[in-house]
Amino acid sequence: MEATIKDTLVHQLNQASQSIAHEHERLRNQLDFSDLEGLISEIKSARRIFLIGMGRSGFMMKAAAMRLMHLGYQVHVVGETTSPAIESGDLLIAGSGSGTTKTIVNAAKTALSVGARVACFTTQTNSPLAELSDQIIKIEAAQKQEQQEEVSIQYAGSLFEQALLLTFDSIIQVMWKSMGSSADELWKRHSNLE
């Protein structure tokens, strides 16, 4: 009996993993890679880069901030106590599935008011955040309030949040390889206080 339960659980875990991978393959096929190219241009021309997201999306944006720092960019996470004022010449990169999160929309408005540029990752290209953005990367995932199994079998905004991480890691990979820096060079910027 116990072996049967374990076998069932192993099968369910395998199925879940396959389903999630399949959802990401579908997303990858729907992604407009020219939008990612545009974001790379924005990053390269920015004086400083600020990243913002809430909840799990916020964690993914922090992961992106870390990798941009490893590439040598001056990066700040909005909301951290050491994050300075955004200014003209800076870039705000926001991650919001709905594009309606008030804190993020307000940050985009502030960025624009001082002459900074705004880029966003979202599921909604007609959202308030997208309308404020100079560069929009649409991720074809369900919003966290939508429970449509034809879009994702996962809970809430899981697919969007995972896609944020994977898409940004693709950007980082391309930027890193184009720089010609070795992993050892990037490692020098890795935290040594851990």
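The values are calculated or read from the model by the stated rules, or taken from the named source; none is laboratory data. Keep in mind that this is a model prediction, so the values were computed, not measured. Don't worry about glycine lacking a Cβ; one is built from the backbone with ideal geometry, like all the others, and counts go over all protein chains shown.
Among (1) of a type outside the set (S, T, N, Q); (2) surrounded by 15 or more Cβ atoms within 10 Å (Cβ to Cβ); (3) within 26 Å of TRP176 (Cβ to Cβ), there is one condition MET54 misses while meeting the rest; what is its number?
Failed condition: (3).
I'd like the full set of residues that are out of contact with any helix residue (DSSP H, G or I) (no Cβ under 9 Å at 6 or more places or on another chain) and among the hydroxyl-bearing types (Ser, Thr, Tyr), limited to region 1-60.
Those that are out of contact with any helix residue (DSSP H, G or I) (no Cβ under 9 Å at 6 or more places or on another chain) and among the hydroxyl-bearing types (Ser, Thr, Tyr): THR4, THR8, SER17, SER19, SER34, SER41, SER45.
All but one of (1) closer than 23 Å to SER41 by Cα; (2) of a type outside the set (A, V, I, L, M); (3) surrounded by fewer than 19 Cβ atoms within 10 Å (Cβ to Cβ) hold for PHE121; state the number of the condition that does not hold.
Result: PHE121 fails condition (3) only.
State which residue is modelled with the highest pLDDT when the search covers only region 3-60 and only residues that are within 14 Å of LEU164 (Cβ to Cβ) and in a loop (DSSP other than H, G, I, E, B).
MET54
Out of ALA163, ALA130, ALA119, ALA141, I need the residue that is among the aliphatic types (A, V, I, L, M), in contact with a Leu (Cβ under 7 Å, 6 or more places away or on another chain) and in a helix (DSSP H, G or I). Which one?
Details: ALA130 fails: in contact with a Leu (Cβ under 7 Å, 6 or more places away or on another chain); ALA119 fails: in a helix (DSSP H, G or I); ALA141 fails: in a helix (DSSP H, G or I).
The conditions single out ALA163.
Quick check on this structure: which one of LEU91, LEU164 is within 23 Å of GLY38 (Cβ to Cβ), buried (at least 24 other Cβ atoms within 10 Å of the Cβ) and touching a residue at least 60 places away in the same chain (Cβ under 8 Å)? Steps first, please.
On the way: LEU91 fails: touching a residue at least 60 places away in the same chain (Cβ under 8 Å).
None of the others qualify; the one that does is LEU164.
Scanning region 22-44 for residues that are polar (S, T, N, Q) and without any contact (Cβ under 8 Å) to a residue 40 or more places away in the chain, which turns out surrounded by the most Cβ atoms within 10 Å (Cβ to Cβ)? Spell out how you get there, then give the answer.
Kept after step one, since they are polar (S, T, N, Q), are these residues of region 22-44: 29-30, 34, 41.
Among the residues that remain, those that are also without any contact (Cβ under 8 Å) to a residue 40 or more places away in the chain are: 29, 34, 41.
Working: ASN29: 8, SER34: 7, SER41: 11.
Out of the qualifying residues, it is SER41.
Considering THR167, THR82, THR100, THR122, which residue is among the β-branched types (Val, Ile, Thr) and farther than 30 Å from ARG26 by Cα? Give the derivation first.
On the way: THR167 fails: farther than 30 Å from ARG26 by Cα; THR100 fails: farther than 30 Å from ARG26 by Cα; THR122 fails: farther than 30 Å from ARG26 by Cα.
Only one candidate passes the filter, namely THR82.
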